[in-house]
Each structure stands twice: as structure tokens, then as C-alpha cells.
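Below: one structure, written as C-alpha cells.
Laboratory data are not the source of any read-out in this text; all were calculated from the coordinates shown. Quick caveat: nothing in here was measured; it's all calculated off a predicted structure. All Cβ positions, even for glycine, are placed from backbone atoms using ideal geometry, and neighbour counts span all protein chains on display.
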Amino acid sequence: MFSCSDPATMDQLSVTCSRKSICAVKGSKVTLWCSYPSFKIKTVFWFSEKQSINWRKNNEPEDLTLDSDYSGRVIHQISSSASTLTISDVRERDSGEYQLMFIMNDGVKHLSSAAVNLTVTGVSQNGCWGVIYTSRRVCALVGSTVDISCTYAHPSGYTVNTTFWHYGQPGDFEDLREEHQFAGRVEYVGNKLRIKELKSSDSGEYRFRFITNLDQYSGSPGVILTVTDTQVTSNPATVSGGEEVILSCLTKCTLNNKYTYIWYKNGQQVTDGFTKDNKLYLDSVSNEELQQYSCAAEDQKESTALRNAAVILCVFFTLALIGILWYRSVNFI
């Protein structure tokens, strides 16, 4: 426990922590919680003595939320009688003792009477409960198939009886295979979750859960799946005859590099124009014909594509109405 250079000036404040020690698998999220009497406290923060190298003065603890080693990974929540520190994506170097510092209304500082010891290990090591997901965020197309994978760990002496995936809120533990929404579309391949014929309503958070002979555990936070269709936009938004146009094939999330984009005009693959990434560059648009363009995001590995969100470019003479008429259609190729 932290020792001050002048202990006489820093009394301890009695606290009760939910756990004195926590074992976590690298990459998981942990929560430290301690309660204390409702005294006249001006502020309270968490610190760890192992971070003293980053303090401006070695004997003056500093707020962990301001430490660059924890940047973007810690959330501190305070009430009148409790303090919660959440650390995401824990790393082995996060292992150590965590303690509270109280600053009272009169400026006097107090240390918490108890500390929480955190141990972070790799998933292959025994001793900790944990689930590590291959990816925390997954983007997939409507109608496609997606795989979500993980590995898990538990203390030695436990026997795993059941494993499954669940969806929705952290406390919803219904096996995906039993949910009507996913009927006939879900299968497990080892620890891997496979969802077929994806729908927009499948977007959400997925967690892996395992039940042993003595206890059970769900990996939280889970994997955020975003199911997207494609949408075509044009630049400029309104066009006149002979004007250069850039069409973009957009999605709500970023697809991985295995996808390529294919363009169609009136249902036929475009052979003219220049394409780059998700854009189609047209030198000119005829003012004599109605042109219908749509895009498809194709998975080269699976040889499947989704064509969606056609945009109709209506081109009229200068004195006529100029505009874009939108409609959406979904076709699987």
C-alpha cells in the first residue's frame, strides 16, 4: 500500500471495496468499486503507486484518469458514498494496486483504508476468468454471412459444461439458437458464431458465455455488429447535361478490405467511366436518357455481392427542372 513521506499528515479514511483482488485476462474490462461514509469530501480519485514515475512529485499521487498510460481506457464514476473505476482493454502492465485519494472540503488529504489488487494475465494462463474477442467491432452487409470468434479462459479445476452466444443487454442470457429472430440462421463452429442472411435488425452487441461445473461467465463488453446496406450519392447533387459526375457507394460502417465495389447502369455492369475504391467517375451524363445507377459491394472470397440503393439521375435541358429522384431497391446478385 502507498506510503507517504509524512504519514502523520495523511490519515486513512475507512472504505469497503467489493473485491480486494481482481484477476483479469488481457484485453478485457474490469470494474473497481469502493464505498465510503458520506463525509465532507471535495473530490476523490483513484491512483496506483506503480505510476509514481509519471507523477510530478513522487510522494503526491495523481488522478489515474489523467495518466497517459490509461488514456481513453478509464472511466471514473463518483457518488456521494461510492467510487467506481472502469478500465477497458486491460494490459499486463496494468497489474498492481489501486487505491483512493480523498481531498476534503478543508483541503486535508486522506488515503483509503483498503486497496484493490489487479492481476492481468494472458488468455493462455490459468487463474483468471475472461473472454477475448478477435474483433470488438464488425461491419457486414445485409444478406451476407458473418463470423464472430473468441477465445476464453477460466481458473484451473473448473470443467466447462456449456458454451453459447447471447445478444442484447448484458443480463440477457438466452442462447441465440433459441431466439426466434435468429431461427435457422445461426450456427456455432467451436467458439465461433456464424450468422447467415444478415438483417439490419441483427445489429447489436454479441457476447460469449460459458458455464462450468462451479460457476459461469460472460465476456463483457462483447462484439458490436453493424449490419449495413449500400447507398448511392452523387456529386454534384443535381446535374445538367455534359457535366462531370462522381457517384459514391456508401455504407454505415467500414467494410474490410475483402470487399470491392461494382457499378451497374440499368442493371448492366458499367464498363465506361473510371472507378476507384467506392467511387465512379463519369465524364458526362447524357441529357437524352434516364440513367439508373446502382452499386454492389462484392466479397471476392465468397463470390457474393449485394446490389442496393439505386440513384436515378434525371437530366433535363437548362430551362427545365433539374433534380434527382431517389428510390431504393434491394437485389441480390
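What base-10 log of the normalised intensity I(q)/I(0) is obtained for the range 7-121 from the Debye formula, alpha carbons as equal point scatterers, at q = 0.12, 0.14 Å⁻¹? Listed by q, the Debye log ratios stand at -0.40, -0.54. Straight distance only, please: which lysines reach the Cα of K57 with their own Cα at less than 21 Å, same-chain residues fewer than 8 apart left out? Within the straight-line cut-off, K57 pairs with K109.
Alpha-carbon geometry of the range 63-136: the Rg and the Dmax are 15.1, 49 Å, given in that order. When peptides 263-275, 108-120, 36-48 are ranked by their average number of other Cβ atoms within 10 Å per residue, the highest-first order is 108-120, 36-48, 263-275. Panel note: the C-alpha atoms of the range 130-227, placed on their principal axes, show extents of 43, 25, 24 Å (largest first).
Counting other beta carbons within 10 Å of each residue's own, what order do K20, K196 fall into, fewest first?
Values: K20 9, K196 13.
Ordered by Cβ neighbours within 10 Å, fewest first: K20, K196.
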